[in-house]
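First comes the structure, then the notes that go with it.
We did not get these values from a lab; they are worked out from the coordinates using the rules stated. Every value quoted in this text rests on a predicted model; they were computed, and no experiment measured them. Glycine also receives a Cβ, built like all others from the backbone with ideal geometry; neighbour counts cover every protein chain displayed.
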Amino acid sequence: MGTKGLDSSFMTKYSAYSPLRLIERETGFYNPVGAGDAMARSLYRAMKPLASWDCEIGNTPPIGGVFNLEFSPEGSLLVAACEKKSIQIFDPLTHKRIHSVNDAHLDCVNCVKFLDGRMFATCSDDTTIALWDVRNLKKKIRSLLGHSNWVKNIEFSVKDKLLVTSGLDGSIYTWDINSYTEFNLVYQRVFHASGLMRCRLSPDARQMVMCTTGGLLVIIHDLNLSTLANDLHGFKPNLYRLMQMSQQVIPIAAMYDHLFDAKRTENRVEFVSDFPDGNDAEVVSALQIHPQGWCALSRNISHDDRSEWSCIHDIQPLDTGSDKSCRDTNSPPPPRVPAPRRPPRRTRSHPYRQPRPMAQVPPITGEQSGQVGRNFNMQRIMGINTGITPPGVMRTRHMHTAPARLVPRLHATPTPSNSAPDAALAAASATDSSPSTSGQTPRRESTSSCDEDQPETRHYIRQNRERLLYYKEETNLGKGFIKELCFSADGRLVCSPFGRGMRLLALNDNCAELSHCVQELDGPTKMVDVVRSLFIHQDLVVSSKFSPRHHLLVTGCLEGKVVWYDPYSGPSVY
């Protein structure tokens, strides 16, 4: 039920600071519909910066930028991943630092993830993951080795008890933290995609969402990590996306069409590529999942590097019932007249020539980053050729607004051509020859019979569904840095780093939940500004996090300053 019709008097009566609300609660009256929205709205609108911490307090060594903030499940600890190879641990209620681990890694610490109330993991640009116990921080429990480039993200599957990590090497690894071997934990590379930026799991670990440097979100429904490597063996999302954009069949990509079938019961793949008008998303750098797993929050940079956008996409599995609505309903083509039989061609012992190896992009080391402190330069990431950016004539947006269906394409024998689409397809096929989960891409078996004797094959190019719900244009400051957004614990609000401050964005004026707002949508809608706190930090804000238990918000900036925000109705004390 929507809450669009609630007036200001109702919101005031049932706010968190109204004595009438307390009187009705004490006398046993039930709260009417919309009272929860009124309470949440009053608390979030009263969020003010009340305390801060920086490295100058206590004459501590500089920690650099605060790239990530993470609360423990109970909300009793706050851990900050810092640029100068350290992690800082705070008491979020007293706003004091209680412990510091210097030289936790050999390079920038990028992400923190709690596995339970006492154990957490960190990842770094030194390509390693470290396990820590809050009861003894003098030494890490274990270092995990496997990635070949900067590790940017850590997730934990509560269903499978597996640690899931991803990095700029494009690989996603799973780690069995309960196993033990002489050299390392039992781990497996379950997927590889060129230009991978972030990988997130839903709270119940039933879905995996990935974002790339090509403006694409990849959803894996009914996730099964134990069979993911086999199910997605050799699948290249960038190549399939190029086939969608060019509307030309690429056989090596079309052979994975079964991964998108709605009848699949495990590891079904779905692409999300619709963005607001005026937002030609190029790099989707930040990604978060709703606390209930309803939607995905992302932040992207347009291809001209002139604007940034925050978008909310629906990721829930759609009950399609039958796949008939997605099949081609056009009449079949007329029967092909058989050509006169020709003498068989001479077959070669090697029907396929091996492609020439492409020049590989060397890994970026800390010495090449210009300065030790900066996480990474987005221009380096955008400079990696992922093979999904076609020429200008192919950069059309008709694919983003098309309904979910399958476009039929006939598999024809390719002929030499100098046209731009054919050249782009050939280049992309060679460029996207990055190693799959097995290091090789499966090939079709060659046949020695004539092409005229083969029956005509009918291919389908799938169109992506429209998933965009809400969006908001952001300030274009701090190019080259990832700004970590976050949902509030109840999922009503979004905290977005905004220059040297932050702003809270709601789905509507009443700060209602997504389940109450989505019924009123006629299309993608702008998010509403609730609170703005500007110029609170001395430098660009790059991280933010809500407490899981309290109405408490924390932000961190590139200068190493951490600021706490609490609901406060009195005069400002900051």
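For the stretch 285-301, putting each phi into the Karplus relation 6.51 cos²θ - 1.76 cosθ + 1.60 with θ = phi - 60° gives couplings of 9, 10, 8, 9, 10, 4, x, 9, x, 7, 8, 10, 9, 9, 10, 10, 10 Hz, in residue order, rounded to whole numbers and with x for Gly and Pro. Remark on the stretch 1-74: Rg and Dmax equal 19.7, 55 Å (Cα only).
Hey, which of these cross-link pairs are over 18 Å Cα-Cα: LYS113/LYS161; LYS84/LYS152; LYS84/LYS545; LYS152/LYS526? Checking Cα-Cα distances, LYS84/LYS545; LYS152/LYS526 exceed 18 Å.
Could you give the Stokes-Einstein D for the stretch 120-184 in µm² per second, using the C-alpha Kirkwood radius, 4 °C, 1.567 mPa s? In µm²/s, the coefficient is 106.
Close amide H pairs (under 5 Å, H built 1.01 Å from N) link SER307 with SER302, residues at least 5 positions away or on another chain. Taken along the Cα-to-beta-carbon direction at a fixed 7 Å, the label points for LYS526 and ASP91 span 4.4 nm.
Placing unit charges on the Cβ atoms only, positive for Lys and Arg and negative for Asp and Glu, gives the stretch 209-320 a dipole magnitude near 260 debye about its Cα centre.
Residues whose amide H comes within less than 5 Å of that of ASN149, counting only those at least five positions distant or on another chain, are ASP169 (H built at 1.01 Å from N in the peptide plane). Taking the empirical scaling 2.2 N^0.38 Å for compact globular proteins as reference, the stretch 171-241 has a Cα radius of gyration ratio of 1.19. With all pairs of separate Cα atoms included, the stretch 514-553 yields a Kirkwood hydrodynamic radius of 13.8 Å.
For the pair ASP490 and LYS13 in one chain, pulling the backbone fully straight at 0.36 nm per residue adds 169.6 nm over the alpha carbon distance. Here the dipole of the stretch 1-145 is about 220 debye; that uses its Cα centre as origin and unit charges on the Cβ of Lys and Arg (positive) and Asp and Glu (negative). Computed over neighbours whose Cβ is under 10 Å from that of ASN153, the net charge equals +3, Lys and Arg +1, Asp and Glu -1. Largest first, the three principal axis extents of the alpha carbons in the stretch 462-574 are 47, 36, 21 Å in whole numbers. Summarising the label geometry, the points placed 7 Å from Cα in the beta-carbon direction at LEU534 and VAL158 lie 3.9 nm from one another. Just so you know, the Cα atoms of the stretch 57-200 work out to an Rg and Dmax of 14.8, 45 Å.
In whole angstrom, the stretch 146-188 maps to an equivalent ellipsoid with semi-axes of 18, 14, 6, each derived as √(5λ) from the alpha carbon gyration tensor and ordered largest first.
Pairwise Cα separations in the stretch 154-279 fall into 10 Å bins from 0 onward with the following percentages, short to long: 12, 43, 32, 11, 2, 0.
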